[in-house]
Amino acid sequence: AKRLGGDRIEVFKQALRAQKTDRLAMESDLRRALERSEIALVYQPVVRLADRTLAGFEALVRWDHPRLGRLPPAEFIAIAEETGLIVELGLFVLDRAARQLYQWQQLMPLDPPLFTAVNVSSRQLLRHDLLQDIKGVLARAPVARGSLKIELTESLVMENPEYAAQMLTRIRELGAGLSLDDFGTGYSSLAYLQRFPFDTIKIDKSFVRADSRGIRPVMLRSIIALGHDLGMDVVAEGAEIDADAVELYQLGCDFAQGYAFGEPMTPEQATRLLKDATAQ
Ligand code: C2E
Ligand code: CA
Ligand code: CA
Ligand code: CA
């Protein structure tokens with residue numbers, strides 16, 4: 001019995017070592033991923049609920065790892081943040097998404113203009129250089145004012161509200177839009193929300209999911225009303241079935257995103273969707 005235990009501990013130690021090596025390998029792989037063009041963006045449609053037309057996209061990052069295949073952000077964003085690689089990765093994502101949006105707007109002008117939301121992490125927002133980065137990106141890709149939306153999570157903004165409010169004001173002055181992600185999951189109070197120049201709030205998918213029937217309409221209705229009172233557009237994420245979209249529309253929500261309207265897709269597929277939408 002003693003030996004068995006010993007073996008088990010040995011196996012456990014080996015697993016731990018393997019995990020550590022994996023992580024180190026991931027780190028150095030990620031360092032090279034950008035140079036090797038392994039980072040890709042996929043785009044998920046955001047639909048206007050009043051007429052079900054395409055209003056914009058959210059850009060979501062993927063890593064085409066040479067051995068592990070296409071990885072979702074959950075597998076590498078944390079490593080990128082801890083190592084600081086997120087700064088370079090984030091700038092790449094912002095630049096790529098802005099160029100794509102500019103191309104779409106040139107090719108297929110819409111009124112109001114098509115938008116793209118881009119996720120920005122705390123490490124990026126904490127750097128003052130983010131302002132220069134955004135300025136550079138918008139100079140290279142002069143998209144319609146406010147149509148490149150910087151998307152930030154609620155928890156991130158609440159970590160340091162004074163600093164965040166200043167940065168957000170300057171980001172908006174540069175001509176970018178601002179979207180507050182995962183709304184309802186953190187701590188934002190009405191008083192704070194009012195001080196941030198967001199033009200859009202995005203309701204977290206946990207409020208839209210079909211299994212929270214009882215509380216859902218009440219919560220959704222008040223979040224939507226709050227957003228509108230503050231002059232913001234309201235997007236709901238995680239609309240998985242048509243009934244979600246119908247209910248969201250009845251509750252006054254402006255836009256929805258989710259499997260009901262399309263999963264994240266390649267830029268080519270997104271372009272086709274946009275062409276179909278403008279052809280009608
Ligand atoms: P998020 O910003 O909340 O993005 C929404 C996530 O929900 C996406 O997962 C999307 O594929 C998924 N989703 C879309 N529709 C539905 C639906 O109807 N039902 C359900 N259950 N899920 C849906 P994804 O692409 O794996 O992204 C996960 C998270 O990774 C994102 O959450 C975001 O926080 C982060 N992320 C993605 N791209 C970037 C990036 O470029 N930079 C940074 N810093 N973070 C990113
Ligand atoms: Ca997001
Ligand atoms: Ca979200
Ligand atoms: Ca989320």
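The values are calculated or read from the model by the stated rules, or taken from the named source; none is laboratory data. The structure presented is a predicted model; accordingly, all values stated were derived computationally and were not measured. Here the Cβ positions follow ideal geometry from the backbone for every residue, glycine too, while neighbour counts run over all protein chains shown. Only protein heavy atoms, including side chains, enter the accessible area calculation; ligands, DNA and RNA are left aside. Shrake-Rupley method; radii C 1.70, N 1.55, O 1.52, S 1.80 Å.
Report, ordered by chain and residue number, the lysines lying within cross-link reach of LYS13, taken as a straight Cα distance under 24 Å and ignoring same-chain residues fewer than 8 apart.
Within the straight-line limit of under 24 Å, LYS13 reaches these lysines: LYS2.
Have a look at LEU126, GLY227, ALA239 and report the one farthest towards the positive end of the charge dipole of the chain, computed about the Cα centre with Cβ charges (Lys/Arg +1, Asp/Glu -1).
LEU126
Under a 1.4 Å probe, what is the accessible area of region 23-178 per residue, stated in Å²?
On the way: 6980 Å² over 156 residues.
It amounts to 45 Å² per residue over region 23-178.
Report the FRET efficiency, 1/(1 + (r/R0)^6), for GLU162 and GLN132, where r is their Cβ-Cβ distance and R0 is 22 Å, rounded to 0.05. Numbers along the way, then the final one.
On the way: r = 21 Å, r/R0 = 0.96.
Rounded to the nearest 0.05, the efficiency is 0.55.
Quick check: at a probe of 1.4 Å, how many percent of the accessible area of the chain sits on carbon and sulfur atoms?
52
With the Cα gyration tensor of region 94-245 giving a ≥ b ≥ c as the square roots of its eigenvalues, does the rule (a/c under 1.5 for rounded; else a/b larger than b/c for prolate; else oblate) give rounded, prolate or oblate? Could the numbers behind the result be given before it?
On the way: a/c = 2.12, a/b = 1.33, b/c = 1.59.
It comes out oblate by the Cα gyration axes.
Need the full-extension length gain, SER37 to ASP64, defined as separation in residues times 0.36 nm minus the C-alpha distance. One decimal, nm.
Numbers: separation 27, 0.36 × 27 = 9.72 nm, distance 0.86 nm.
Here the segment from SER37 to ASP64 would lengthen by 8.9 nm.
Students often forget the sequence filter, so: which aspartates and glutamates lie under 16 Å Cα-Cα from LYS20 once same-chain residues fewer than 8 apart are removed?
Straight-line reach from LYS20, under 16 Å: GLU10, ASP29, GLU75, GLU82.
Just tell me which aspartates and glutamates come within less than 20 Å, Cα to Cα, of LYS275; anything on the same chain fewer than 8 places away is out.
LYS275 reaches ASP51, GLU58, ASP111, GLU263.
With only alpha-carbon atoms counted, please give the Rg and Dmax of the chain, in Å.
20.7, 74
How many angstrom lie between the C-alpha centres of region 248-277 and region 52-114?
With region 248-277 and region 52-114 each reduced to a Cα centre, they are spaced 16 Å.
Give me the distance in nm between label points sitting 7 Å out from Cα along the Cα-to-Cβ direction at ILE9 and ILE79, one decimal.
Distance between the two pseudo-spin positions: 3.0 nm.
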